[in-house]
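> This is the structure I want to talk about, given as structure tokens.
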Amino acid sequence: MKISQHFRIEPTKEQESKLFHTLYLCRKFYNYSLEQRIKSYQETGKGLSYKKQQNMLPQYKEENLEYKAVQSQILQDVLRRLYGAYKKFFAKEAGYPHFKDKYHYYSITLPQCTAKRNFKKEGYVYIPYIGDLKMIVHRDFDPNTVKTINIKYHAGKWYANLSIEIPEGKTENITKYVGLDKGVKVIGATSDGKIFENPKWIQNAERRLKRLQRQLSKKKKGSKNREKQKKRLQKLHEKVANQRKDYLHKISYRLTEKYDAIFVEDLQVKNMTKNHKLAKSIANVGWGMLDTFLEYKSLKKGKLFKKINPAYTTQKCSRCGKIVEKDLSVRIHKCECGLEIDRDINAAINILHEGLRQLAV
Ligand SMILES: [Zn+2]
């Protein structure tokens, strides 16, 4: 299974200009190759295959000396992108491939990288002809598992997106299982009665975010102060997002260590069924991210991760099955049968039951 991890990189001024130049050359090559395909079709009634274009690459490099400074693999990837664009077009998933302007060509990909070559210097990623780029490694990764490196320019910043191969473990011996209900007020609750609160520091940061946002709306448009305030807000946004991410990593780590099988609600269905007014967009992002983390950590450790249909999980009594209507302000599930528990825990137990039922089928 492949996952991708994103890291900020901080090229020097010189490296940055080389990166921009490489982007320019790749784009030019993309447009040239597209033109070749069109020409070939017009002249012979036949298009050009990826293979044919790849075979033409050495000659192109010889005739266009500036391309000496771009690794051939990167150019092969350019051709692969073009091939992909045609494939989508033929599958009626996209329109005819476009010529690209600089706003639509902002990344390069090294399709075959090695730890020995591209990560030999710790804290850096090496790109041929550009050099060792400083990487902000906010999370551990094993360079040996990296398959491809994508260097991307976005909103004034550079990123390295690493595609990482994770071996799939075996799903067997399921003896410990858990249901997880993802919440709005709290991050989630488990069928074992554990509640993952929104940590205080996240709450505080969110309050600060709101305050900065309010201040921003009062600043004059186009003023220097407004720009300054915008930058501060962006910075804090990024910080909060990273903190939240780390926290979700911790939760997913703990759950996948402790249990053999984890059941959660299917997010897409959940979004449609739950009252959406209260579900802040922040919580939404968290839900999806937590699922992603749980899924790949489970795969890696040979655990089972399964999404189930969330119908009635909140309203149904997890002991007797009776439907107990309650709106979002009611935090306790209280049923005639005598069961009185936290609403999220009740939901988590229902999720577990449904998961086990599906597993047995
Ligand atoms: Zn009941």
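> What is the set of long-range amide H partners of Trp158 at a cut-off below 5 Å, with H atoms built 1.01 Å from backbone N?
The answer is Ile9.
> Continuing with the same structure: Can you find, among Ile136, Thr114, Tyr60, the residue farthest towards the positive end of the dipole of the chain? Put +1 on the C-beta of Lys and Arg, -1 on that of Asp and Glu.
It is Ile136, whose Cα lies furthest towards the positive end.
> Going highest first, how would you order 152-162, 174-184 by mean Cβ packing within 10 Å? Display every interim value, and only then the final one.
Values: 152-162: 14.9, 174-184: 20.5.
Put in order of decreasing packing, that is 174-184, 152-162.
> Quick one: go through segment 115-139 and flag any residue whose amide nitrogen is under 17 Å from the point 7 Å out along the Cα-to-Cβ line of Met289.
Flagged as within label range: 137-139.
> Per-residue HN-Hα couplings for segment 340-352, Karplus 6.51 cos²θ - 1.76 cosθ + 1.60 at θ = phi - 60°, whole Hz, x for Gly and Pro?
9, 9, 3, 4, 6, 5, 4, 5, 4, 5, 4, 5, 4
> Right, next: Are there trypsin sites (Lys or Arg not before Pro) in segment 2-100 that DSSP puts in a loop and that have at most 16 other Cβ atoms within 10 Å, and which ones? Intermediate results must be reported in sequence, preceding the final value.
Values: sites: Lys2, Arg8, Lys13, Lys18, Arg27, Lys28, Arg37, Lys39, Lys46, Lys51, Lys52, Lys61, Lys68, Arg80, Arg81, Lys87, Lys88, Lys92, Lys100; in loops: Lys46, Lys92, Lys100.
Loop-located and lightly packed - Lys46, Lys92.
> In sequence order, what are the phi-derived ³J(HN,Hα) couplings for segment 297-312 according to the Karplus relation 6.51 cos²θ - 1.76 cosθ + 1.60 with θ = phi - 60°, rounded to whole Hz, with x for glycine and proline?
5, 5, 4, 5, 8, x, 9, 9, 10, 9, 9, 10, 5, x, 3, 6
> Something else: How much length would be gained if the chain were fully extended between Phe99 and Glu336, taking 0.36 nm per residue of separation minus their Cα-Cα distance, in nm to one decimal? Write down the numbers at each step before the final one.
On the way: separation 237, 0.36 × 237 = 85.32 nm, distance 6.68 nm.
The span from Phe99 to Glu336 would gain 78.6 nm if fully extended.
> Straight-line reach from Lys219: which aspartates and glutamates have Cα under 12 Å away, leaving out those fewer than 8 places along the same chain?
Cross-link targets: Glu227.
> Would you mind classifying segment 142-249 by shape? Square roots of the alpha carbon gyration tensor eigenvalues, ordered a ≥ b ≥ c; an a/c under 1.5 is rounded, otherwise it is prolate if a/b is larger than b/c and oblate if not. Before the final figure, lay out the partial values.
Values: a/c = 4.46, a/b = 1.41, b/c = 3.16.
Oblate, since a/c reaches 1.5 and b/c is not below a/b.
> A follow-up question, please. Filter Lys157/Lys224; Lys92/Lys157; Lys152/Lys239; Lys120/Lys147; Lys306/Lys334; Lys245/Lys297 down to the pairs with a C-alpha to C-alpha distance above 24 Å, please.
Working: Lys157/Lys224 21 Å; Lys92/Lys157 34 Å; Lys152/Lys239 20 Å; Lys120/Lys147 15 Å; Lys306/Lys334 28 Å; Lys245/Lys297 14 Å.
Going by Cα-Cα distance, Lys92/Lys157; Lys306/Lys334 fall outside the 24 Å limit.
> For segment 1-141, build the charge dipole from Cβ charges (+1 Lys, Arg; -1 Asp, Glu) around the Cα centre, then report which of Ser17, Thr44, Gln76 sits farthest towards its positive end.
So the residue furthest toward the plus end is Thr44.
> Any lysines with Cα under 21 Å of the Lys61 Cα? List them, leaving off those in the same chain fewer than 8 positions away.
Counting by Cα, and skipping residues close in sequence, Lys61 has these lysines nearby: Lys18, Lys28, Lys39, Lys51, Lys52, Lys100.
> Between His6 and Tyr129, what's the calculated FRET efficiency when r is the beta-carbon distance and R0 is 22 Å? Round to 0.05.
The computed FRET efficiency comes out at 0.45.
> What is the gain in length, in nm to one decimal, between Lys157 and His249 on full extension, counting 0.36 nm per residue of separation less the C-alpha to C-alpha distance?
On the way: separation 92, 0.36 × 92 = 33.12 nm, distance 2.45 nm.
Extra length available between Lys157 and His249 comes to 30.7 nm.
> So what is the 222 nm mean residue ellipticity for the chain from helices alone, if each DSSP H run of at least 4 adds -39500 (n - 2.57) and you divide by all residues, rounding to the nearest 500 deg cm²/dmol? Don't skip to the end; give the middle numbers.
Details: 9 runs with 169 residues, N = 361.
It lands at -16000 deg cm²/dmol.
> Could you tell me which trypsin sites (Lys or Arg not before Pro) in segment 195-239 are loop residues by DSSP with no more than 16 other beta carbons within 10 angstrom of their beta carbon? Don't skip to the end; give the middle numbers.
Details: sites: Lys200, Arg207, Arg208, Lys210, Arg211, Arg214, Lys218, Lys219, Lys220, Lys221, Lys224, Arg226, Lys228, Lys230, Lys231, Arg232, Lys235, Lys239; in loops: Lys219, Lys220, Lys221.
Filter output for segment 195-239: Lys219, Lys220, Lys221.
> For Lys194 paired with Gln54, estimate the spin-label separation in nm (one decimal), with each label point 7 Å from Cα along the Cα-to-Cβ line.
4.7
> While we're on this one: Using a 1.4 Å probe over the heavy atoms of the protein chains, calculate the carbon and sulfur portion of the accessible area of segment 2-165 as a whole percent. Don't skip to the answer; put the middle values down first.
Working: 4990 of 9670 Å².
Here it works out to 52 percent.
> Contact order normalised by length for segment 177-360, with contacts defined as Cα pairs under 8 Å and 6 or more residues apart; what percent is it?
On the way: 249 pairs, mean separation 55.4, N = 184.
Across segment 177-360, relative contact order equals 30 percent.
> Continuing with this model, one more query. Classify segment 2-165 from the C-alpha gyration tensor, please: rounded if a/c falls under 1.5, else prolate or oblate depending on whether a/b exceeds b/c.
Working: a/c = 1.99, a/b = 1.73, b/c = 1.16.
Prolate shape, in that a/c is at least 1.5 and a/b is the bigger ratio.
> Listed highest first by mean packing, meaning other Cβ atoms within 10 Å per residue, what order do 114-127, 252-265 come in? Can you show the working numbers first?
Details: 114-127: 15.1, 252-265: 20.6.
Descending mean neighbour count gives 252-265, 114-127.
> Let me ask you something else. So how many Å³ per residue does the convex hull of the Cα atoms of segment 177-360 work out to? Please list the in-between numbers first.
Values: hull volume 22.9 nm³, N = 184.
Each residue corresponds to 124 Å³ of Cα convex hull volume.
> If you don't mind, another one. Under the classification rounded if a/c is under 1.5, otherwise prolate if a/b is larger than b/c and oblate if not, where does the chain fall, given a ≥ b ≥ c as square roots of the Cα gyration tensor eigenvalues? Before the final figure, lay out the partial values.
Values: a/c = 2.20, a/b = 1.73, b/c = 1.27.
Note, shape of the chain comes out prolate.
> Among Thr109, Thr292, Thr44, what's the order by accessible area (1.4 angstrom probe), most exposed first?
Numbers: Thr109 20, Thr292 75, Thr44 95 Å².
The ordering from most to least exposed comes out as Thr44, Thr292, Thr109.
> Put a dot 7 Å past each Cα toward the Cβ at Asp142 and Lys92; how far apart are the dots in nm?
Rounded to a tenth, the inter-label distance reads 4.4 nm.
> Right, here's the next one. Using Cα positions and a limit of under 17 Å, work out the lysines in reach of Lys220, with same-chain residues fewer than 8 apart set aside.
Hits, sequence-local ones excluded: Lys228, Lys230, Lys231.
> Would you mind checking which residues have amide H under 5 Å from Leu48's amide H? H placed 1.01 Å from N; only 5 or more apart, or other chain.
none
The values are calculated or read from the model by the stated rules, or taken from the named source; none is laboratory data. All values reported here derive from a predicted model rather than from experimental measurement. Cβ atoms come from the backbone with ideal geometry, glycine included; neighbour counts cover every protein chain shown. All accessible areas refer to the heavy atoms of the entire protein, side chains included, with ligands and DNA or RNA removed. Shrake-Rupley method; radii C 1.70, N 1.55, O 1.52, S 1.80 Å.
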